[in-house]
Amino acid sequence: VLPSDITGFNVYDINTGKKTFHKGSVHSQIVLADEINRASPKTQSALLEAMQERQVTVDGETYQLPKPFMILATENPVDTAGTYPLPEAQLDRFLMRINMGYPTKESELEIIKSNRSAVQETKLSPVTTAEEIIKIQEAISLVYVSDDILKYIVEIVSATREYDGVVMGVSPRGSIALTQAACGMAIIEGRNYVIPDDVKRLATYVLAHRMIMKNRSGAKGTTAEDAINDILRSIKVPNVKG
């Protein structure tokens with residue numbers, strides 16, 4: 001996969017003397033990058049403008065991406081031959097990272113049953129519309145976040161920059177992401193305000209992948225997840241009432 005496969009490219013028509021833009025795979029509302037770490041760093045860099053500005057620029061022309069826009073990616077932590085680590089700048093643009101793990105026994109049973117047929121028929125039906133998703137995104141900006149909660153978030157993020165064993169802590173982009181994620185959690189819980197538990201529940205998922213540890217071997221006590229959990233235990237939780 002080349003960067004132009006993602007962003008798009010111009011094709012010159014010798015008959016008309018004009019160029020025609022052919023959209024790349026990123027020109028969609030929801031983009032799924034399966035095993036993204038198999039793409040080269042050069043190809044991965046083609047996603048940076050799309051993930052941050054929701055646009056792509058090709059040959060000096062800027063094209064806005066459709067709304068809503070979201071990039072989902074999977075990364076295989078094993079069988080890493082022929083893979084490339086994701087650049088820190090790209091990791092910082094993912095809202096959160098979730099470790100899938102193995103399915104429960106009940107879920108695995110359903111997986112087996114659904115794959116009994118030799119011919120698989122994919123039956124999908126929409127559960128929402130683009131307009132409804134945009135309204136939910138707009139509603140996040142209306143969720144109330146007290147100054148105490150914001151200070152709590154800043155304290156957590158600042159602590160990642162001073163924690164022993166961390167080479168690089170979380171950037172301000174992580175503070176913004178944690179605030180937005182907490183607002184989203186409040187909406188899911190049916191509230192129009194954020195509480196400390198929203199921040200605590202999401203801190204590891206939003207912040208851990210933005211940290212660079214001195215020891216990347218995964219030894220006990222050296223992971224970013226361990227650092228975040230330790231930081232959460234050390235910082236006083238604000239007393240906020242809705």
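The values are calculated or read from the model by the stated rules, or taken from the named source; none is laboratory data. Please read all numbers here as calculations on a predicted model, not as lab measurements. Here the Cβ is made from the backbone with ideal geometry for all residues, glycine too, and neighbour counts use every protein chain on show. The accessibility values were calculated without ligands, DNA or RNA, using every heavy atom of the protein model including side chains. Shrake-Rupley method; radii C 1.70, N 1.55, O 1.52, S 1.80 Å.
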Pick from Tyr12, Tyr63, Tyr102: which residue has the top mean-square fluctuation in a GNM of the chain where Cα pairs under 10 Å get a spring? Tyr102
Relative to the first principal axis of the alpha-carbon coordinates of the chain, what is the inclination of helix 105-114, with its axis defined by its Cα atoms, in degrees from 0 to 90 and to the nearest 10? 20 degrees
7 Å from Cα along Cα→Cβ at both Ala130 and Arg54: what's the point-to-point distance in nm? 1.2 nm
What's log10 of I(q)/I(0) for region 1-144 at q = 0.12 Å⁻¹, Debye sum over Cα points only, no solvent? -0.73
Once the dipole of the chain is set up with Lys and Arg at +1 and Asp and Glu at -1 on Cβ about the Cα centre, which of Val145, Ser107, Thr20 lies farthest towards its positive end? Val145
Does anything in region 63-107 have its amide N under 19 Å from the 7 Å Cα→Cβ label point of Ser45, and if so which residues? 83-94
Put Lys200, Lys19 in order of accessible area, largest first, probe 1.4 Å, and you get Lys19, Lys200
If each DSSP helix of 4+ residues adds -39,500 (n - 2.57) and the sum is divided by the residues in the chain, what number results at 222 nm, nearest 500 deg cm²/dmol? -11500 deg cm²/dmol
Residue separation between Glu108 and Val78 times 0.36 nm, minus their alpha-carbon distance, gives in nm 8.7 nm
A student applying the Cα gyration tensor rule (rounded when a/c is under 1.5; otherwise prolate if a/b is larger than b/c, oblate if not) would label region 71-111 oblate
About the Cα centre, charge dipole magnitude for the chain (Lys/Arg +1, Asp/Glu -1 at Cβ), debye: 120 debye
Using DSSP to call loops (not H, G, I, E or B), can you name the GluC sites (Glu not before Pro) in region 158-242 whose Cβ has at most 15 other Cβ atoms within 10 angstrom? Glu189
What is the distance in Å between the Cα centroid of region 118-193 and that of region 1-37? 30 Å
Signed unit charges on C-beta, dipole axis of the chain, positive-most listed residue Met213, Pro172, Asn37: Met213
Mind sorting out which of [x] 59; [y] 62; [z] 51 is the real percent of Cα pairs over 23 Å apart computed from the coordinates? [y]
Range of Cα positions in region 106-229 per principal axis (Å), largest first: 55, 41, 22
Candidates Ala130, Ala208, Ala118, ranked by Gaussian network fluctuation over the chain, Cα under 10 Å, top entry: Ala118
Per the Cauchy relation, a quarter of the hull surface: what is the mean projected area of the convex hull of the alpha carbons in region 138-183, in nm²? 3.3 nm²
Within region 157-203: Cβ-based charge dipole about Cα centre, in debye rounded to nearest 20 (Lys, Arg +1; Asp, Glu -1): 120 debye
Give me the lysines in straight-line cross-link reach of Lys42: C-alpha distance below 30 Å, same-chain residues under 8 apart excluded. Lys18, Lys19, Lys23, Lys67, Lys214
Dipole magnitude (debye, nearest 20) for region 117-192, charges at Cβ of Lys, Arg, Asp, Glu: 120 debye
Rg from C-alpha atoms of region 16-91, normalised by the globular rule of thumb 2.2 N^0.38 Å, equals 1.24
Run the numbers for Arg201 and Arg173: contour at 0.36 nm per residue of separation, minus the present Cα-Cα distance, in nm. 8.2 nm
Mind giving me the nanometre distance, one decimal, between the label points for Arg191 and Glu155, set 7 Å out from Cα along Cα→Cβ? 1.7 nm
Quick one: of the DSSP bridges fully inside region 19-176, what percent are antiparallel, nearest 5? 50 percent
Grab the Cα-Cα distance for Lys214 and Tyr63, subtract it from 0.36 nm times how many residues apart they are, and report the gain in nm with one decimal. 50.4 nm
Rough spin-label spacing in nm, given labels placed 7 Å along Cα→Cβ, for Ile14 and Leu232: 6.2 nm
